[in-house]
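Structure record follows, encoded as structure tokens.
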Amino acid sequence: MAKRKTNEWPRHGVQALWALLTNSYLIGFVQGKIYKGDLKKLCVPGMNCYSCPGAVGSCPIGSLQAVIGSWNFKFAFYAAGFLVFVGALVGRFVCGWLCPFGLIQDLLHKIPFPKKIQTFRGDKLLRKLKYVILVVFVILLPMFLVDVMGQGAPYFCKLICPVGTLEGGIPLVLMNKSMHSVLGWLYAWKNVLLVATILLPPGGHLLGV
């Protein structure tokens, strides 16, 4: 019996609307600048980079590691509570219906390539490894690997997060020629991770969006 195909475009419409609402500072894309108003204090559901020129809110993952890495560290009750509340309330609804990065990956996966990556050896391991990466890079490294001032770096955003590369790094580099001279191995590495993440099947990459 043939598997019935579902119409995913209503879900993509909701994703697109949410992406527009959470990235409504459109002038930022023109000026190559980041919005720094009061709304940036609010976390928004989904992986949407703080450094995206259009972002009007903050990514809860980025907010969590920023507070943990602060020299006057106080547990991020707001960011952690937001993650727990949204997860308990709607579960993976955020990943499937709100995440802007998930929309991009879903749409790119619809391109009719001769061979698509549906699954691969090590896919199940990656699904488990993502939790290890989040714990190590979001919590442990910012907490314990600090500078002389006791300040931890946002290691996940800096070294891994492909969302930050796509939504923040690439637009800011394109709009600010002064940044071109300082690009190095880290920017190249983040773009490699971005390409690999996009090519993986939806739900099969490190972020699970």
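Distance check, please: which entries in Lys40/Lys130; Lys130/Lys190; Lys40/Lys158 exceed 23 angstrom between their Cα atoms?
As for pairs spanning more than 23 Å Cα to Cα, those are Lys40/Lys130.
In terms of modelled amide H atoms, which long-range or inter-chain residues lie less than 5 Å from the amide H of Cys43?
For Cys43, the qualifying residues are Ser58.
If I model a spin label at Leu89 and Leu125 as a point 7 Å from the Cα along the Cα→Cβ vector, what separation in nanometres do I get?
For Leu89 paired with Leu125, the spin-label model returns 3.8 nm.
Spelling out what I want: for every residue of the range 42-57, take phi, set θ = phi - 60°, compute 6.51 cos²θ - 1.76 cosθ + 1.60 (Karplus), and round to whole Hz; glycine and proline get x.
With the stated coefficients, the range 42-57 comes to 9, 7, 10, x, x, 8, 9, 5, 4, 7, 5, x, x, 5, 9, x Hz.
Which distance in nm do the two modelled labels at Gln31 and Met143 give, with both placed 7 Å along the Cα-to-Cβ direction?
Distance between label points: 3.8 nm.
Which order do the peptides 137-145, 32-40, 96-104 take when ranked by the mean count of other beta-carbon atoms within 10 Å per residue, highest first?
96-104, 137-145, 32-40
Starting from the amide H of Gly54, placed 1.01 Å from N in the peptide plane, find each other amide H under 5 Å away whose residue is 5 or more places distant or on another chain.
Counting only residues 5 or more places away or on other chains, the set is empty.
What list of ³J(HN,Hα) values in whole Hz, one per residue of the range 174-189 in order, does the Karplus curve 6.51 cos²θ - 1.76 cosθ + 1.60 (θ = phi - 60°) give from phi, with Gly and Pro shown as x?
5, 8, 10, 5, 5, 7, 4, 6, 9, 5, x, 5, 5, 5, 5, 4
Can you give me the distance in nm between label points at Ala196 and Val182, each placed 7 Å from the Cα along the Cα-to-Cβ direction?
Taking the two extended label points, one gets 2.6 nm.
Any read-out appearing in this document is the output of simple, stated calculations on the displayed coordinates, not a laboratory observation. Worth saying up front: this structure is predicted, and the values here are computed from it rather than measured. Here the Cβ is made from the backbone with ideal geometry for all residues, glycine too, and neighbour counts use every protein chain on show.
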